[in-house]
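J.: The structure under discussion is supplied below as structure tokens; questions concerning it will follow.
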Amino acid sequence: MQVKAFRWMGDRLLLLDQRELPAREVWLELKDYRQVASAIKGMAVRGAPAIGCVAAYGFLLGVRAGEPPSLVFETLKNTRPTAYNLFWALNRLWRALEEGRDIEKEALSIEEEDYRANRRMGEIGQELIPKGARVLTHCNTGALATAGWGTALGVIRSAHLSGKEVFVWVDETRPYLQGSRLTAWELLKEGIPHKVITDSTAGFLMRKGLVDCVVVGADRITRDYFVANKIGTYALSVLAKAHRIPFYVVAPSSTFDPNSYGEESISIEERSQEEVKRVKDTPVAPEGSPALHLAFDITPPENITAIISEKGIIWPSRQGG
Ligand code: MRU
């Protein structure tokens, strides 16, 4: 069954509220670009490609309502700083508007192109997955994070469909639990064998020879192949390298930022410390203890075996960064 994170209805956007999963499937109905901006900021929708698609529809809603396009653009742009797809999608809509093209058509194309890119990455990437592989993944990179199918999870899904009999270790992904709440939910729906693990379990599983490859997504990739992705990805890349396990990144070309070079060029989102100190409403740290919540980290090219996009495979560590 195909999971959808959002549906454009022609005059409004329906959004599956990912904060409520896996307990409840709640759909939000968004008619105003400000609601779209707060849905992105508040993580009702998340995952770089999905954020891009949804921001495009937000821009359309705002411009159609007669709001100043630059205000709509800035409001949506200032929601989350790391995922490049957000800026890429908004720039596409802005250009279409400037050139007098149909911006609804442009937003729809962004969604369609992303779905096609995911399917293509699945085909290309699954070639790298051996039969019977035990794959470790982090965060959620599935249909919920994209226009459908998924990036890293799309590769896993394609490998499963081609009869590779894959098994997935799902990092829970503190603090938002995108792994245990969302990836496990998608895998269960697809009937793909998996087990949820705490983030700190990965290293020991690798040492015991229970992980054949690591497959993750990306939020931004620089020109020299530094990869920003969910916090914890860098640690996994170091562990994979130490255990000589292939480390694959899967991302569409809309995640590649042609204007950034080197890790310092990436802006890392810092979110509220309350998200670390509480799980839902339950405190998991003393009220008086401060916490640090970096939402992403950066993996250097020398730790990456391959980056898979819809255009093909890049081997960053073979290119000397
Ligand atoms: O904070 P999130 O949930 O938006 O972070 C998502 C990730 O880090 C994903 O790995 C990334 O966006 C790639 S999703 C196809």
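J.: Just report the Cα centroid separation between segment 71-88 and segment 199-271, whole Å.
T.: 22
J.: Report, ordered by chain and residue number, the aspartates and glutamates lying within cross-link reach of LYS31, taken as a straight Cα distance under 12 Å and ignoring same-chain residues fewer than 8 apart.
T.: Reachable aspartates and glutamates: ASP11.
J.: Something else now. On the principal axes of its Cα set, how long, how wide and how thick is segment 6-115? Give whole Å, largest value first.
T.: Between the extreme Cα coordinates on each principal axis of segment 6-115 lie 44, 28, 26 Å.
J.: Now for a separate question. What distance in nm separates the two pseudo spin-label positions at GLU275 and TRP315, each 7 Å out from Cα along the beta-carbon direction?
T.: The two pseudo-label positions are separated by 3.7 nm.
J.: Something else about it: Which helices of the chain meet both criteria: a Cα extent of 15 Å or more along the helical axis and a mean Kyte-Doolittle score no lower than 0.5, with helices taken as whole DSSP H segments?
T.: Helix filter hits for the chain: 48-64.
J.: Counting Lys and Arg as +1 and Asp and Glu as -1, each charge on the Cβ, what is the dipole of segment 69-109 about the Cα centre in debye, to the nearest 20?
T.: 180
J.: Okay, moving on. Under 18 Å from the Cα of LYS280, which aspartates and glutamates turn up, not counting those fewer than eight places away in the same chain?
T.: Correct list for LYS280: ASP17, GLU20, GLU25, GLU172.
J.: Hey, another quick one. Over the chain, what is the relative contact order in whole percent, taking alpha-carbon pairs under 8 Å and six or more residues apart?
T.: Worked out over the chain, it gives 16 percent.
J.: Let me ask another. Tally the DSSP beta bridges in the chain and give the antiparallel ones as a percent, rounded to 5.
T.: DSSP beta bridges in the chain are roughly 55 percent antiparallel.
J.: Need one number for segment 90-185: average projected area of the convex hull over its C-alpha atoms, nm².
T.: That works out to 7.1 nm².
J.: Please list the radius of gyration and Dmax for the chain, considering alpha-carbon atoms only, with Å as the unit.
T.: So, for the chain, Rg and Dmax equal 18.8, 60 Å respectively.
J.: May I pose another question? Under 19 Å Cα-Cα from LYS189, which lysines qualify once same-chain neighbours fewer than 8 residues away are excluded?
T.: LYS4, LYS164
Bear in mind these aren't lab numbers, they're just calculated from the coordinates by the rules spelled out. Since the model is a prediction, treat every value here as computed from it, not as a measurement. Because the Cβ atoms are built from the backbone with ideal geometry, glycine has one as well, and the counts that use them run over all protein chains shown.
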